[in-house]
1. Identify the single condition in (1) open to solvent by 70 Å² or more (accessible area, probe 1.4 Å); (2) more than 24 Å from Ile205 (Cα to Cα) that Glu14 does not satisfy, given that it satisfies every other one.
2. Please identify the pairs in which a residue from the range 48-64 that is at negative phi has its Cβ atom under 6 Å from the Cβ atom of a residue that is among the polar types (S, T, N, Q) and open to solvent by less than 30 Å² (accessible area, probe 1.4 Å), counting only partners at least 6 apart or on another chain.
3. Considering only residues of the range 19-33 that are part of a helix (DSSP H, G or I) and among the β-branched types (Val, Ile, Thr), which is surrounded by the most Cβ atoms within 10 Å (Cβ to Cβ)?
4. If I go through the range 110-138 residue by residue, how many of them are within 14 Å of the ligand (Cβ to nearest atom), in contact with a strand residue (DSSP E or B) (Cβ under 9 Å, 6 or more places away or on another chain) and of a type outside the set (A, V, I, L, M)?
5. Please go through the range 150-173 and give me each residue that is among the β-branched types (Val, Ile, Thr) and under 24 Å from the mean Cα position of the chain (by Cα), ordered by number.
6. Can you tell me which residue in the range 232-244 is least open to solvent (accessible area, probe 1.4 Å), limited to those that are in a loop (DSSP other than H, G, I, E, B) and touching a strand residue (DSSP E or B) at 6+ places or on another chain (Cβ under 8 Å)?
7. Which residue, of Cys88, Cys92, Cys68, is crowded, with 18+ Cβ neighbours inside 10 Å and modelled with pLDDT of 90 or more?
8. For the range 222-231, check the following and say yes or no: at least one residue is surrounded by fewer than 19 Cβ atoms within 10 Å (Cβ to Cβ), among the hydrophobic types (A, V, I, L, M, F, W, C) and at pLDDT 95 or above.
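The values are calculated or read from the model by the stated rules, or taken from the named source; none is laboratory data. It should be emphasised that the depicted structure is a prediction, and the values quoted were computed from it without experimental measurement. Cβ coordinates were reconstructed from backbone atoms using ideal geometry, including for glycine residues, and neighbour counts include every protein chain displayed. All accessible areas refer to the heavy atoms of the entire protein, side chains included, with ligands and DNA or RNA removed. Shrake-Rupley method; radii C 1.70, N 1.55, O 1.52, S 1.80 Å.
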Amino acid sequence: MTRAMRKRLQRLMEAKPPLIRRGDPQQERVDTLYANQVRQTLEILAGLSGDNAATVATALSRSLHHACQQAWQAAAEQFPEAPPKIHCRQGCNWCCHEPLQVHILDAIGVASANLPPLNYSLPTRQRASLKKIFKACPMLVDGQCSVYEHRPVICRAYHSTDVAACQRVVEIQVAGRQIPMDLRLYGYTGLPQEATMKVLEELGIDRRPVVLGLAVAALQQDFAGLTGNWLRGGDAFDPHTVQE
Ligand code: SF4
């Protein structure tokens, strides 16, 4: 982290924490979830020193994924009518047929799993229209997610209330990929990511989306180098970003 970034981090740590609006229990839970994740992200980043970027980046990824998991559980309890409608089941992988657009922290989480080396490429011209590609995700092995514990936020938040719609999307290749889901559950699960992204943005750390397979393959080659550059505010993930 540069000196300017460290100053900004210090300011953020000394600033008032995000507001928690009391009164409406649902609003209070949402605000608390957000504020907790901001605090955790700042605390982890405060531990960054000259040579521990890989450890800090992995801790950030773990913290984010853990918070998303907790948010999913809290949301499922908060909206008791939601869980019975969910059609997602172990071994169902219709939604795993797309080159995923994820955050760098997701790629870091996946790359930190014990994976065999990934041989993955995607022509640049295809990076603007990932949703039109129906190839299996490179992490899908024998029909199962091989990185389930470390799966990206989008895979945690995404769910379906109609598996027939998921099947149709892949079988007849519907480019829009609209899947019916409970948007409250989806939004709630993604909330910790919003908090983390906000902190990264304020510090000037790259928060552009990347193509999961490309970023993981690159991280497998040089985890320490890429994470070090990224946390210094560099653009090491530039070749793996989603082109818009
Ligand atoms: S990372 Fe796992 S859950 Fe996500 S799309 Fe790939 S195989 Fe599916």
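1. Checking Glu14 against (1) open to solvent by 70 Å² or more (accessible area, probe 1.4 Å); (2) more than 24 Å from Ile205 (Cα to Cα), the one that fails is (2).
2. Ala53/Thr227; Ala54/Thr227; Ala57/Thr227; Leu64/Thr196
3. At the first step, the residues of the range 19-33 found to be part of a helix (DSSP H, G or I) are 25-33.
Restricting the remaining residues to those that are among the β-branched types (Val, Ile, Thr) gives 30, 32.
Details: Val30: 20, Thr32: 14.
The selected residue is Val30.
4. 3
5. Within the range 150-173, the subset among the β-branched types (Val, Ile, Thr) is 153-154, 161, 163, 169-170, 172.
Answer for the range 150-173, where residues must be among the β-branched types (Val, Ile, Thr) and under 24 Å from the mean Cα position of the chain (by Cα): Val153, Ile154, Thr161, Val163, Val169, Val170.
6. Start the filter on the range 232-244 by keeping residues that are in a loop (DSSP other than H, G, I, E, B), which leaves 232-237, 242-244.
When the remaining residues are screened for being touching a strand residue (DSSP E or B) at 6+ places or on another chain (Cβ under 8 Å), the result is 237, 242.
Working: Phe237: 1, Val242: 19 Å².
Here the answer is Phe237.
7. Details: Cys88 fails: crowded, with 18+ Cβ neighbours inside 10 Å; Cys92 fails: crowded, with 18+ Cβ neighbours inside 10 Å.
Exactly one of Cys88, Cys92, Cys68 is crowded, with 18+ Cβ neighbours inside 10 Å and modelled with pLDDT of 90 or more, namely Cys68.
8. Step one: of the range 222-231, the residues surrounded by fewer than 19 Cβ atoms within 10 Å (Cβ to Cβ) are 222-225, 229.
Add one more test, that the residue is among the hydrophobic types (A, V, I, L, M, F, W, C), and what stays is 223-224.
From the residues that got through so far, the ones that are at pLDDT 95 or above too are 223-224.
Checked the range 222-231: at least one residue is surrounded by fewer than 19 Cβ atoms within 10 Å (Cβ to Cβ), among the hydrophobic types (A, V, I, L, M, F, W, C) and at pLDDT 95 or above.
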